[in-house]
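Participant: The structure's right below; bear with me while I get my questions together.
The values are calculated or read from the model by the stated rules, or taken from the named source; none is laboratory data. Worth saying up front: this structure is predicted, and the values here are computed from it rather than measured. Cβ atoms come from the backbone with ideal geometry, glycine included; neighbour counts cover every protein chain shown.
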Amino acid sequence: MTKLGVLGAAGILTLCLATTGAAQSVPGAGHWEGSIQVPGQELKIEVDLLAAADGKWTGTISIPAQNMTGFPLSDVTVETSAVSFAMKGVPGGPQFKGTIAEGGQSIAGDFSQGGGTLPFALTRKGEAHIEAPTKNAEIGKEFEGTWEGALDVNGTTLRLTLKLSNVEHSATGTLVSVDQGGAEIQIASIVQTAAHVKLGVPAIAARYEGDLKDDQIAGTWSQGPASFPLTFKRPAK
């Protein structure tokens, strides 16, 4: 499986808003590229930060080397020149705290996780790119609800919780890796064809395909070049 490297967790486990001139002028808003200074190398990262009209901030982070794209950030705050954000649910509580340089075109600060601290630096490259959630067709009631499964990755068992539902006539879902901090990952695409379902999880470059039979979904989990059998069942009562 893809490792989160410095983030210390197996990587199995954005709202597209038009940016107005006013939004672009907000310090901290934009698409940022840079790296975390891991000893002996640089871990490239891309961060998108966006301020809403009500002052609330949202953001995502991408780590190309770890096949992570558009992972939602939490606790995003920008106050004058101070900026901070975190990766909720990832083991070790990854957090970034930095300072926006005069002119608003760079951010430098500290990345911390599990008691360790490393420097990071970002350069503004343009407007924020946070994609809107995909509107999926509704799924049948037989797929709705909570499912549990487990991946066997080279002798390591990773428990997963899958939640599927219909909200405002659109299928939506999340995936939680129970043994990796409980991060709730949004499922971007959900496609049902009869008893077959396809799930796309671009935030971790993963996908799942399975068939529903006898109240369980049996199929294959794929991430990068690796594929593993995965069966989801209803939680035991």
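Participant: Restricting attention to region 218-237, does a residue exist that is within 30 Å of Ala29 (Cα to Cα) and of a type in the set (Phe, Trp, Tyr)?
Facilitator: No, region 218-237 contains no residue that is within 30 Å of Ala29 (Cα to Cα) and of a type in the set (Phe, Trp, Tyr).
Participant: Just to verify a result, which residue in region 34-56, among those that are within 15 Å of Phe71 (Cα to Cα) and touching a Ser or Thr at 6+ places or on another chain (Cβ under 7 Å), is surrounded by the most Cβ atoms within 10 Å (Cβ to Cβ)?
Facilitator: My answer is Leu50.
Participant: Right, something else. Checking Ser84 against (1) surrounded by fewer than 19 Cβ atoms within 10 Å (Cβ to Cβ); (2) at pLDDT below 95, only one condition comes out false. Which one?
Facilitator: (2)
Participant: Would you point out the residue of region 1-57, among those that are basic (Lys, Arg) and farther than 20 Å from Gln186 by Cβ, that is modelled with the lowest pLDDT?
Facilitator: Of everything passing the filter in region 1-57, Lys3 is modelled with the lowest pLDDT.
Participant: Separate question: Gln192 - would you say it is in contact with a Lys or Arg (Cβ under 6 Å, 6 or more places away or on another chain), surrounded by 14 or more Cβ atoms within 10 Å (Cβ to Cβ), modelled with pLDDT of 95 or more and not assigned by TED's automatic domain parsing to the domain that holds Asn67?
Facilitator: no
Participant: Restricting attention to region 164-174, which residues are among the polar types (S, T, N, Q) and surrounded by 19 or more Cβ atoms within 10 Å (Cβ to Cβ)?
Facilitator: Thr172
Participant: If you don't mind, another one. Looking at Arg207, is it closer than 30 Å to Thr80 by Cα and surrounded by 15 or more Cβ atoms within 10 Å (Cβ to Cβ)?
Facilitator: No; evaluated as a whole, the condition is false for this residue.
Participant: Out of all the residues in region 175-184, is one or more at pLDDT 95 or above and surrounded by fewer than 19 Cβ atoms within 10 Å (Cβ to Cβ)?
Facilitator: Scanning region 175-184, I find no residue that is at pLDDT 95 or above and surrounded by fewer than 19 Cβ atoms within 10 Å (Cβ to Cβ), so the answer is no.
Participant: OK, next. Would you mind stating whether Asp75 is touching a His at 6+ places or on another chain (Cβ under 6 Å) and within 29 Å of Val178 (Cα to Cα)?
Facilitator: no
Participant: Condition test on Pro225, is it surrounded by fewer than 15 Cβ atoms within 10 Å (Cβ to Cβ) and not assigned by TED's automatic domain parsing to the domain that holds Thr60?
Facilitator: Yes; evaluated as a whole, the condition is true for this residue.
Participant: Further question: Which one is modelled with the highest pLDDT among residues in region 195-215 that are within 19 Å of Thr157 (Cα to Cα) and in a strand (DSSP E or B)?
Facilitator: Selected residue: Tyr208.
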